[in-house]
Amino acid sequence: MFGTIWGYALGAFGILALVPFVALARRAAPRGTAWSRGARLVDGDGAAIKANDIPVGGVTTVFPEGHVAAAESATLLIRLEEGLLLSEPGREGWAPGGNVAYSKICTHAGCPVAVYNHLYYQLYCPCHQSVFDVLQGAKPLSGPATRALPQLALDIDGQGYLVARGDYTEPVGPDRWSRPS
Ligand code: FES
């Protein structure tokens, strides 16, 4: 049953989505992303997402409005039951309505984190099997990743759409991407 659940979640993300991220991992280090204060979260078709659009237990890949091709900005939007998230100090209010967002780029080697298991609230990277705890700031639970997936601070605008409060406050992807070359 465990394997079946992982399998369904992977299908929802799309296995073909792995390719651009692997290519990105071989490229020069990105410095910052296209997220900015007030940028709406949009899906791969550019459609803006409201706070109640994702059902509890659901997950989708989002980008900043106008930047759906910005691979380094790819973010996982997960809808949790309200009150379950154990917010890190200083991150209170970053997940309005149970919507929490983490970078989709694995902090180990840059593959896309491509599977979500809502029973265990875990994200899984298929490249080398790192597992991240969604309820505790996406900290790594097992596998080779040693750093949590960065969290994107969210808000809800006056029309009910999810927006970013700014760019990520820490580098996305593997640490080697953010080292000076
Ligand atoms: S790239 Fe994710 S575990 Fe290696």
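The values are calculated or read from the model by the stated rules, or taken from the named source; none is laboratory data. Just so it is clear, the structure is predicted and the values come from calculations on it, not from any experiment. In this analysis, Cβ positions are derived from the backbone assuming ideal geometry, glycine residues included, and neighbour counts consider all displayed protein chains.
Just a few scattered comments:
- Meets criteria (surrounded by fewer than 22 Cβ atoms within 10 Å (Cβ to Cβ), at pLDDT 95 or above and within 17 Å of Ala138 (Cβ to Cβ)) for Arg79: yes
- Unique match (being closer than 13 Å to Thr33 by Cα and either loosely packed, with under 14 Cβ neighbours inside 10 Å or out of contact with any Leu (no Cβ under 6 Å at 6 or more places or on another chain) (or both)) among Pro55, Pro64: Pro64
Residue by residue, here is whether (1) within 15 Å of Leu41 (Cβ to Cβ); (2) within 14 Å of the ligand (Cβ to nearest atom); (3) hydroxyl-bearing (Ser, Thr, Tyr) holds:
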| position | (1), (2), (3) |
| --- | --- |
| Ile78 | yes, no, no |
| Pro89 | no, no, no |
| Glu92 | no, no, no |
| Cys106 | no, yes, no |
| Gln122 | no, yes, no |
| Phe132 | no, yes, no |
| Leu149 | no, yes, no |
| Asp157 | yes, no, no |
| Thr169 | no, no, yes |
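- Single residue of Tyr102, Tyr124 found to be free of Cβ contacts under 8 Å to residues at least 60 places away in the same chain and assigned to a strand (DSSP E or B): Tyr102
- Hey, Leu141 surrounded by 21 or more Cβ atoms within 10 Å (Cβ to Cβ), of a type in the set (A, V, I, L, M, F, W, C) and either within 13 Å of the ligand (Cβ to nearest atom) or closer than 21 Å to Lys50 by Cβ (or both) or not: no
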